[in-house]
Amino acid sequence: MNVTHLECALCGLRHEARVLLNLCRECGKPLLVRYDLEQAQRSLTKQSLVGRRADLWRYLEVLPVDKEEDIVSLGEGWTPLLHTRRLGDRLGLKELFIKDESQNPTQSFKARGMAAAVSMAKQLGAKKLAVPSAGNAAGALAAYAAQAGLECFIFMPRDTPCANVVECEQTGAHVTLMDGLITDCGAEVGRRKEAEGWFDVSTLKEPYRVEGKKTLGYELAEQLNWELPDVIVYPTGGGTGLIGMWKAFDEMEQMGWIGSKRPRMVTVQASGCAPIVRAFEQGKRFADEFPNAATTASGLRVPKAIGDFLILDALRDSGGAAVAVSDEELISATAEIGAAEGLFCAPEGAACLPAVRKLMETGQVKSTDRVVLFNTGAGVKYLESFDH
Ligand SMILES: *Cc1c(COP(=O)(O)O)cnc(C)c1O
Ligand SMILES: [Zn+2]
């Protein structure tokens, strides 16, 4: 609403807002949305939030749509932040919370990003949307494109969880299953988009998904009465949510809502696909493509992320960490969280649990820390992953 321009996250080049853009025209890196925050905070105050709509659009002044009528919504965001005491007791953590993103439309937090991206694509005149996806992004795009009355084209690996394929088919998308990984699907979209007239809504290859996902950071602050937690544990694929939260914290500080203290940001990946963990350990700012990527946590099967440097900068600037966990660990964590808290987590979300255990063993997380885990999706979408 108060957008001033788009800015390249690497070289800083300024781009005009209100035109359909993908990446920086100079260096090909992601574009981030910049706002007139002084203008925004005239009507957006902590007090003003009381009584606003119970979805992510409650933060309208720091979201990119021009008018409320431009919003394409299925009721995304404003998910519960659960104080998980029984799980906390098991770990020896007094203040353990799970932000339960499985309660979003299409049962994952991809709904946040796609609500914003599809709203903007429609506002700016796109007619056909395309996306490569490891699973949940596809389901979310299909749903929001249908809601917007836009056509959408989805490319997924053939071994994507069945629920993701079926939900796309049942919400009117054109679905193509490919041999290979999300990176191969992305290359296919890249090859064909010009001829087909598709707008590419890949993670961080357009500026608005990250805006939808940054509301995770606003909600966390609001739900914790404007005091950020000590540690945030985030299952990382493309990194949109982590990058978005980091951006939200800066915006909130500029508006005087929080101070300069930041949570330690922790990336969790599967040991079968851990490019960010590897780069973090090697002290690199850009991550190499992870060879032979494999994990049952399909949302983490992202061998190369275009926003790698933004993730790695946030981890390092926050004094955070990057942890890999095995598929065995994350699958058994699903049952442990389920039995303790009654939440059937996506394997990606469950991966946060063994990661916290490892960080407690090394002393990087202390028993007095306030820790937030992200359950990014619903376990029911991954029935193939579980023995029964
Ligand atoms: C996509 C996805 C992730 C990874 O999210 P990024 O923002 O791409 O890092 C984690 N969990 C689930 C369930 C997902 O669908
Ligand atoms: Zn650039």
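The values are calculated or read from the model by the stated rules, or taken from the named source; none is laboratory data. The structure presented is a predicted model; accordingly, all values stated were derived computationally and were not measured. Note: ideal-geometry Cβ built from the backbone for every residue, glycine included; neighbour counts use all protein chains shown. SASA here: full protein model, heavy atoms, side chains in, ligands and nucleic acids out. Shrake-Rupley method; radii C 1.70, N 1.55, O 1.52, S 1.80 Å.
Annotation note: Cβ proximity below 8 Å between a residue of region 225-251 that is charged (D, E, K, R) and a residue that is open to solvent by 10 Å² or more (accessible area, probe 1.4 Å) and assigned to a helix (DSSP H, G or I) (sequence gap 6+ or interchain) occurs for E251/L37. Within region 166-179, how many residues turn out to be without any contact (Cβ under 8 Å) to a residue 24 or more places away in the chain and either β-branched (V, I, T) or open to solvent by 40 Å² or more (accessible area, probe 1.4 Å) (or both)? Residues flagged as without any contact (Cβ under 8 Å) to a residue 24 or more places away in the chain and either β-branched (V, I, T) or open to solvent by 40 Å² or more (accessible area, probe 1.4 Å) (or both) within region 166-179 amount to 7. The criterion of at least 1 residues that are at pLDDT below 95 and under 18 Å from the mean Cα position of the chain (by Cα) is met by none of the strands (runs of 3 or more DSSP E) falling completely within region 178-293.
Consider region 250-304 and keep the residues that are more than 16 Å from ligand 2 (Cβ to nearest atom) and among the aromatic types (F, W, Y). The one that is farthest from L204 (Cα to Cα) is W257. In region 159-179, how many residues are over 20 Å from T296 (Cα atoms) and of a type in the set (D, E)? The number of residues fulfilling the criteria is 1. The one condition from (1) farther than 30 Å from G28 by Cα; (2) within 16 Å of ligand 2 (Cβ to nearest atom); (3) hydrophobic (A, V, I, L, M, F, W, C) that V372 does not meet is (2).
May I ask you to list the residues in region 99-109 that are of a type outside the set (G, A, S) and farther than 18 Å from Y218 by Cβ? Once the filter is applied, which keeps residues that are of a type outside the set (G, A, S) and farther than 18 Å from Y218 by Cβ, region 99-109 yields P105, T106, Q107. Note on region 301-328: residues that are in a helix (DSSP H, G or I) and either farther than 20 Å from K381 by Cα or within 16 Å of ligand 1 (Cβ to nearest atom) (or both) amount to 11. Filter region 98-154 down to residues that are within 30 Å of L87 (Cβ to Cβ), in a helix (DSSP H, G or I) and either in contact with a strand residue (DSSP E or B) (Cβ under 9 Å, 6 or more places away or on another chain) or of a type in the set (V, I, T) (or both), then give me how many there are. Summing the residues that are within 30 Å of L87 (Cβ to Cβ), in a helix (DSSP H, G or I) and either in contact with a strand residue (DSSP E or B) (Cβ under 9 Å, 6 or more places away or on another chain) or of a type in the set (V, I, T) (or both) in region 98-154 gives 11.
If you go through region 370-388 and keep only what is within 14 Å of C352 (Cβ to Cβ) and in a loop (DSSP other than H, G, I, E, B), you end up with just T376. Filtering region 1-48 to residues that are over 17 Å from K67 (Cβ atoms), open to solvent by less than 30 Å² (accessible area, probe 1.4 Å) and away from ligand 2 (no atom under 12 Å from the Cβ) leaves H5, L37. The requirement of being away from ligand 1 (no atom under 16 Å from the Cβ), closer than 20 Å to E61 by Cα and open to solvent by less than 10 Å² (accessible area, probe 1.4 Å) is satisfied by M252.
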